[in-house]
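To start, the structure itself, in structure tokens.
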Amino acid sequence: MKVLQLSVLSFLIVILSLNGATLAHPYGDFLHCLSLRISNSSTISKVIYTQNNPSYSSVLNASIHNTRFATPTTPKPYAIITPLKTSHVQSTIYCSKNHGFQLRIRSGGHDVEGVSYVSQVPFVVLDLVNFRDVKVDTKNEVAWVQSGATTGELYYGIASKTQTLGFPAGICHTIGIGGHLSGGGFGILGRKYGLAADHVIDVKLVDANGRVLNRKSMGEELFWAIRGGGGNTFGVVLAWKVKLVPVPPVVTVFTVNKNLEQNATKIFHRWQYIAHKLPNELFTAVWVMKVNSSQVGKKTVQAGFRGMFLGGVDELIPLIQHEFPELGLAKENCTQMSWVQSILYFGGLPIQPVNILLNRSALPVSSLKAKTDFVREPMSETGIEGFMNMFLEEEADFAITMIEAFGGRMDEIRENELPYPHRAGILFESTYIVQWTNEAEAGRYISWIRRLYSYMASYASKSPREAYYNYKDLDLGTNNIVGYTSYEQASVWGLKYFKNNFKRLVQIKTKVDPMNFFRNEQSTPPL
């Protein structure tokens with residue numbers, strides 16, 4: 001037995017050395033712990049990536065979509081763990097706890113503040129890139145999807161089996177399912193069916209003690225919390241069972257662009273009063289951005305009125321002409337397609353071939369900062385003019401505001417049904433995004449979006465000014481990364497994301513993770 005133990009230890013020293021570390025390294029105890037628990041040499045090389053490993057940078061950067069957090073000075077994880085099975089996740093939790101590492105969990109990398117792969121204290125990243133199976137059961141209208149799969153992979157899995165089922169999640173096909181469902185998940189089916197998280201019916205989760213739990217074994221309180229209460233907070237959700245929703249074989253999408261010279265301000269002003277009252281089958285949004293003017297060398301601001309209707313164009317046109325004639329929607333503005341193609345349309349991608357949904361690199365990456373608002377009262381025309389004029393500023397060259405109508409099913413779901421509380425009475429959600437290419441000038445662009453956000457304070461929801469967790473904004477407040485975070489400190493940001501549901505989230509966190517192992521700058525702390 002002693003001989004066997006010595007040979008295993010010698011073998012581990014070799015493996016760790018190959019990965020760029022030895023047991024003498026200050027982090028060696030963590031690696032030693034993890035390698036002992038995995039034990040298989042060929043598996044270790046596919047699961048553990050330390051900073052001296054030749055593949056480390058490519059693994060780290062593979063799913064970073066915000067290059068603001070991919071600079072040489074960005075804090076890097078000591079190791080990236082890419083588990084192949086549940087026991088690897090359990091082992092990572094165990095060794096991180098016992099050797100003092102903070103654990104950050106990444107399912108896709110669409111983290112606008114980078115907290116799933118950046119920390120200011122010694123940390124490792126648990127990257128669920130290998131947990132990406134999608135199993136669709138059309139007979140029972142459900143699917144099991146692992147957290148590392150993208151929304152695009154889920155959509156493709158559904159569409160490859162049926163044209164009459166869909167799933168109400170976001171339009172960006174490279175988002176990781178784990179993060180998306182953890183924060184709610186609103187998309188173009190939202191007015192008809194609500195959030196992605198509203199359709200989660202079971203999960204597979206590993207908790208801070210390494211237990212593997214499902215809905216029944218975890219209980220309804222924890223099951224409530226993980227559906228919109230934020231990732232990297234209550235455990236590692238490895239897979240989600242979701243209820244699929246009916247969609248017609250043909251949907252109709254449209255875009256009508258209006259700039260400032262074409263009464264964009266007045267049309268948007270009118271849209272506010274109409275969009276949330278339209279039939280649930282019709283989703284509309286307004287995308288605001290700077291564009292070239294018809295006058296050479298001049299810029300203007302464009303409001304792109306976009307929509308998706310669960311039905312045919314012949315039914316849509318008279319509906320819009322009756323409810324919103326100011327838009328001037330014509331048949332040439334409309335295209336009929338399948339539901340899954342509408343995802344590509346809204347995502348700015350070619351609608352053929354559909355398998356582009358499987359391409360995780362189809363969208364360009366950039367540096368960006370995002371903020372969100374929920375608006376409950378219509379803005380004045382003067383207010384809209386001031387808002388749009390801010391897009392004529394130099395820093396807004398690569399900025400966009402996506403304004404999505406609520407109402408419909410969202411009005412019918414109670415505020416405390418899930419942690420995500422932004423339901424009845426909301427006219428629209430605004431997502432402000434600014435991008436830049438020169439990281440040395442990041443401060444200018446971040447200052448611009450903060451000024452835009454400050455301008456919108458008069459028109460946004462109040463007490464609290466609500467925000468959407470899936471577009472995390474550390475300007476709203478942060479936890480202490482080391483040491484205790486009080487309820488009062490966390491509630492500064494927590495009430496904006498979760499309103500009155502935040503207190504319940506804190507109570508659940510206190511029960512399931514009292515030592516606050518799963519934590520980040522905006523994770524619910526225990527009492």
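Annotations for the structure displayed:
- This model, with +1 at the C-beta of Lys and Arg and -1 at the C-beta of Asp and Glu, gives region 192-351 a dipole about its Cα centre of some 400 debye.
- Taking θ as phi - 60° and the Karplus parameters 6.51, -1.76 and 1.60, the scalar couplings of region 479-494 work out to 7, 6, 6, 10, x, 7, 10, 6, 4, 4, 5, 5, 5, 4, 9, x Hz in sequence order, x denoting glycine and proline.
- Taken about its Cα centre, region 26-127 carries a charge dipole of roughly 140 debye when the Cβ of each Lys and Arg holds +1 and the Cβ of each Asp and Glu holds -1.
- The order of the peptides 436-448, 58-70 by mean Cβ neighbours within 10 Å, most packed first, is 58-70, 436-448.
- Summed side-chain charge close to Thr300 - residues other than Thr300 whose Cβ falls under 12 Å, Lys, Arg +1, Asp, Glu -1: +3
- Whole-number D in µm²/s for the chain (Stokes-Einstein; Kirkwood sum over Cα pairs; 10 °C, 1.306 mPa s): 66
- Percent accessible area from carbon and sulfur atoms, region 153-279, protein chains only, probe 1.4 Å: 50
- Lys299 accessible area, 1.4 Å probe, all protein chains in place, Å² to nearest 10: 110
- Vicinal HN-Hα couplings computed from phi for region 181-192 (Karplus, 6.51 cos²θ - 1.76 cosθ + 1.60; Hz; Gly/Pro x): 5, 5, x, x, x, 9, x, 6, 9, x, 6, 8
- By the helix-only formula, in which each DSSP H run with n ≥ 4 contributes -39500 (n - 2.57) and the sum is divided by residues, the chain has a 222 nm mean residue ellipticity of -9000 deg cm²/dmol.
- Binned Cα-Cα distances of region 276-321, short to long, each 5 Å bin given as a whole percent: 5, 17, 21, 16, 11, 11, 12, 6, 1
- Surface composition of region 477-526: carbon plus sulfur atoms contribute 57% of the solvent-accessible area (1.4 Å probe, protein chains only, all chains present).
- Accessible surface of region 26-127 [probe 1.4 Å, protein heavy atoms]: carbon and sulfur percent: 49
- The distance separating the Cα centre of region 218-259 from that of region 449-465 comes to 26 Å.
- The chain, accessible area per residue, ligands and nucleic acids excluded (1.4 Å, Å²): 39
- Mean projected area of the Cα convex hull of region 154-309, taken over all directions, amounts to 12.3 nm².
- Within-14-Å neighbourhood charge of His99 [Cβ basis; K, R +1; D, E -1]: +1
- Of all DSSP bridge pairs formed entirely within the chain, close to 90 percent run antiparallel.
- When each of the peptides 302-314, 165-177, 388-400 is scored by the mean number of other C-beta atoms lying within 10 Å of its residues, the order from highest to lowest reads 165-177, 302-314, 388-400.
- Between the C-alpha center of region 318-390 and that of region 86-103 there is a gap of 41 Å.
- Close amide-amide hydrogen proximity is noted between Lys299 and Ser293, each under 5 Å apart and 5 or more residues distant or on a separate chain (H modeled in the peptide plane; Pro and chain starts excluded).
- Viscosity 1.567 mPa s, 4 °C: Kirkwood-radius Stokes-Einstein D of region 178-247 over Cα pairs, µm²/s: 105
- For region 26-127, pairs of C-alpha atoms spaced more than 24 angstrom apart make up 16 percent of the total.
- Quotient of C-alpha Rg and 2.2 N^0.38 Å, computed over region 477-526: 0.99
- For Leu165, the residues whose amide H sits under 5 Å from its own are Val247, ignoring neighbours fewer than 5 places away on the same chain, with H placed 1.01 Å from N.
- Peptides 123-136, 227-240, 261-274 ranked from most to least packed by the mean count of surrounding Cβ atoms within 10 Å: 227-240, 123-136, 261-274.
- Counting only Cα atoms, region 435-527 measures 43, 31, 19 Å along its principal axes, largest extent leading.
- Among the cysteines of the chain, Cys172, Cys334 have no other cysteine beta carbon within less than 4.7 Å of their own.
- Bins of 5 Å from zero: percent of alpha-carbon pairs in region 136-240: 2, 13, 24, 26, 18, 11, 5, 1, 0
- Built amide H within the under 5 Å cut-off of Ser367, gap 5+: Thr67, Arg68, Trp436
The values are calculated or read from the model by the stated rules, or taken from the named source; none is laboratory data. Quick caveat, the model's predicted, so the values are computed rather than measured. Cβ atoms come from the backbone with ideal geometry, glycine included; neighbour counts cover every protein chain shown. Note: areas computed on protein heavy atoms with side chains; ligands, DNA, RNA excluded. Shrake-Rupley method; radii C 1.70, N 1.55, O 1.52, S 1.80 Å.
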